[in-house]
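Laboratory data are not the source of any read-out in this text; all were calculated from the coordinates shown. Since this is a predicted model, take the numbers as computed values, not measurements. Note: ideal-geometry Cβ built from the backbone for every residue, glycine included; neighbour counts use all protein chains shown.
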Amino acid sequence: MNLLLQMWGGYARMTRRWPALAAVIPFIPVVALWTIVAEAGLFPRAFFPGPADVVRSFVTLTYKGILPDYLQDSLIRLFVGASVGMALGVPLGILIGTSRWAHRICWPVLLFFQAIGDIAWLPILLIWFGFGLTTMTFVIVYTVLFPVVLNTVLGVESVPRDLGRAALCLGASRARVLWEVTLPGALPNIITGLRNGLGYGWRALIAVEMIVGTSGIGFMMFDARRAGSTVEIVLGMIILGLLWYVVDAWILAPLERATGERWGLVTS
Amino acid sequence: MKTLSLRNLGKTYFDPYAGAHVTAVHDVSLDVQQGEFVSVVGPSGCGKTTILNMIAGFIPHSKGEILLDGTPVNGPGPERGVVFQSFALFPWKTVLDNVGFGPKMRGVPKAERDRIARDYLALAGLSHAANRYPNELSGGMQQRVGVVRALANEPAVLLMDEPFAAVDAQTRMTLQEELTRIWQDRKPTVLFITHDVGEAVFLANRVVVLSKGRILDEVAVDLPRPRVWDQLVDDDEFKRLSAQVLQMVRAA
Ligand SMILES: Nc1ncnc2c1ncn2[C@@H]1O[C@H](COP(=O)(O)OP(=O)(O)OP(=O)(O)O)[C@@H](O)[C@H]1O
Ligand SMILES: [Mg+2]
């Protein structure tokens, strides 16, 4: 018991000194278990590759340039889709959050379309736009849009009424209030919306790439299925997880915390 | 010279839950002279906040007139500064930028508005906190910022709705003393709303007693300044005035 406590203390100290370790160490048992199962030969190698096989595949594909190209394609699609989603979602959310009329008119429609879900659009999108970038971008934008709009509305509504009033009686115009009070007040929620939206968007992108893609990580995984290459499929899965971990834990979460905490809007 | 003048002011709310009209302010006429400090006291629900919100332009009035230097007001504007019970500081702006917000809206260049803000922060003894964010300050300090932020805009009239209700008793007394000092220094026109009789008498030149949406009576306060609690608690004139106002409020 004492020894365990000491080890835990040592772990806490170590991860505080090198925060990157905290991200790596929890995976050691996972990889170890994976290695043991693979090496024990419970399943045929072709069905259940081990870590070494995946690393080898990673090196080969990177060396050939396929992996970097596909990764780039996926990330650009996500970035474009997320940017368009934000550009549409934030103004729409602010409109709905500030205007009672816009709220009444848009809210039911918004909930209706949210319920349809991104992938459900694919059949009709394929008929309209075919197998291409337009279809993929549409799905990403669609996925990112709703969390951004809903969280922006929440953010706008959470700004205390007195703040807007204070700005008005200090001489701000309605437009200045929007810029100086509403937007910064809603920002932590907007970032939460972006964070959720990117998470859903990333998953939707992989699904779409499997169906309509000619490149990208999702395409790579689905294409590997045809060749029966489980190694590449597992490699794809690992890349999805890693990439999201990096983006979320090292960029989005700190950003969300930074705005919320600095302004005293989040108390934790 | 009168700055603010209310003529037969009235407000009727529609309460959608009760489905009925509620008259919160019946008929209020009041003149506030330039450089005067007027306190308004009255029991809870007598319409104090409603009156202030109408003067500030946050809600429309139902009848009568609100004149500022002879011109009717409608909607909020920088010539009527407001100090909020909730402080209402912008959490994403430093103390300096909060105080400089009014000048910024007037188009005052950055260097000049920082100078103005520093000047007013010094007045409130807050020079050391200029670069901090509001959530890093105590409640008392936050409301000091709220007061000088409104003053830095040099409003024709300063409206305060129970601004010290959210701080502890000791801090409240300090803030009251500081407010009288600042008032003596800058002589702003102030309309101060409170339900605390002692506070009303301590601060004002004149105390107006409100009852059920009407002005019941008013009392002139000629206590010498600067006013300090240590001296006034035992002052016979202060005690007499407080008792007189308290009696009116109780009767209201
Ligand atoms: N938005 C509103 N809709 C309907 N009735 C209202 C509304 N605001 C205030 N009232 C009513 O008007 C009356 C006066 O309210 P007001 O807030 O002005 O009182 P007050 O003197 O500020 O009281 P307190 O000392 O408790 O702050 C009350 O009866 C209140 O219920
Ligand atoms: Mg009130």
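Give the residues of the range B:48-77 whose amide nitrogen is closer than 18 Å to a point set 7 Å from the Cα of B:Ala252 in the direction of its Cβ.
Under 18 Å, as judged by backbone N against the label point of B:Ala252, lie B:48-55 of the range B:48-77.
Roughly how many nanometres apart are two label points built 7 Å out from the Cα toward the Cβ at A:Glu157 and A:Asn2?
5.7
For the pair A:Ala46 and A:Leu255, what calculated FRET efficiency results from E = 1/(1 + (r/R0)^6), where r is the Cβ-Cβ distance and R0 = 30 Å, to the nearest 0.05?
0.10
With r as the distance between the Cβ atoms of B:Arg181 and A:Ala12 and R0 = 60 Å, compute the FRET efficiency 1/(1 + (r/R0)^6) and round to 0.05.
My answer for the efficiency is 0.70.
Once both labels are modelled 7 Å past Cα along the beta-carbon direction, what's the A:Val31-B:Lys63 spacing in nm?
Between A:Val31 and B:Lys63, the label points sit 8.1 nm apart.
Would you calculate a helix-derived [θ] at 222 nm for the protein assembly as shown, using -39,500 (n - 2.57) for each DSSP H run of n ≥ 4 and dividing by the full residue count, to the nearest 500?
Estimated from H runs of four or more residues: -19000 deg cm²/dmol.
Report the net charge of residues surrounding A:Gly50, where surrounding means a beta-carbon distance below 15 angstrom and charges are Lys +1, Arg +1, Asp -1, Glu -1.
In short, -1.
Between A:Pro147, A:Pro19, A:Pro51, where does the largest GNM mean-square fluctuation fall for chain A, given springs only between Cα atoms within less than 10 Å?
The residue that fluctuates most here is A:Pro19.
Looking only at other chains, what is the average number of their beta-carbon atoms within 10 angstrom of each beta-carbon in A:170-178?
Rounded to a whole number, the mean comes out at 5.
Rank B:Ala122, B:Phe238, A:Ala102 by how far each Cα sits towards the positive end of the charge dipole of the protein assembly as shown (+1 on Lys, Arg Cβ; -1 on Asp, Glu Cβ) and give me just the farthest.
Looking along the dipole axis, the top candidate is A:Ala102.
With an 8 Å Cα cut-off and a minimum separation of 6 or more residues, compute the relative contact order for chain B in percent.
Reported relative contact order: 26 percent.
Over the range B:86-154, what is the relative contact order in whole percent, taking alpha-carbon pairs under 8 Å and six or more residues apart?
49
Per residue of A:187-197, count partner chain C-beta atoms within 10 Å of its C-beta, then hand back the mean as an integer.
0
Please work out the C-alpha center-to-center distance from the range B:54-127 to the range B:8-32 and express it in whole Å.
26
On a full-extension model of 0.36 nm per residue, what is the gain between B:His21 and B:Ser44, subtracting their alpha-carbon distance, rounded to one decimal in nm?
Once the chain is fully extended between B:His21 and B:Ser44, it gains 6.4 nm.
Can you tell me the FRET efficiency between B:Ala166 and B:Ala111 if r is taken as the Cβ-Cβ distance and R0 is 35 Å, rounded to the nearest 0.05?
In this case the efficiency is close to 0.55.
For chain A, rounded, prolate or oblate, judged on the Cα gyration tensor with a ≥ b ≥ c (square roots of eigenvalues), a/c < 1.5 rounded, else prolate if a/b > b/c?
Since a/c reaches 1.5 but b/c is at least a/b, the shape of chain A is classed as oblate.
Quick check: the distance between the Cα centres of the range A:180-207 and the range A:129-152, to the nearest angstrom?
13
Using the Cα gyration tensor of the range B:174-252, with a ≥ b ≥ c the square roots of its eigenvalues, what is the shape: rounded (a/c below 1.5), prolate (a/b larger than b/c) or oblate (neither)?
oblate
Take every residue in peptide B:84-91, count the Cβ atoms of other chains within 10 Å of its Cβ, and give the average of those counts.
6
By average Cβ neighbour count within 10 Å, what is the ranking of A:107-114, A:231-238 from highest down?
The most tightly packed comes first, giving A:231-238, A:107-114.
Between B:Phe37 and residues 5 or more places away or on another chain, which pairs have amide H atoms under 5 Å apart, with H built 1.01 Å from N, and which residues are they?
B:Val190, B:Asn205, B:Arg206
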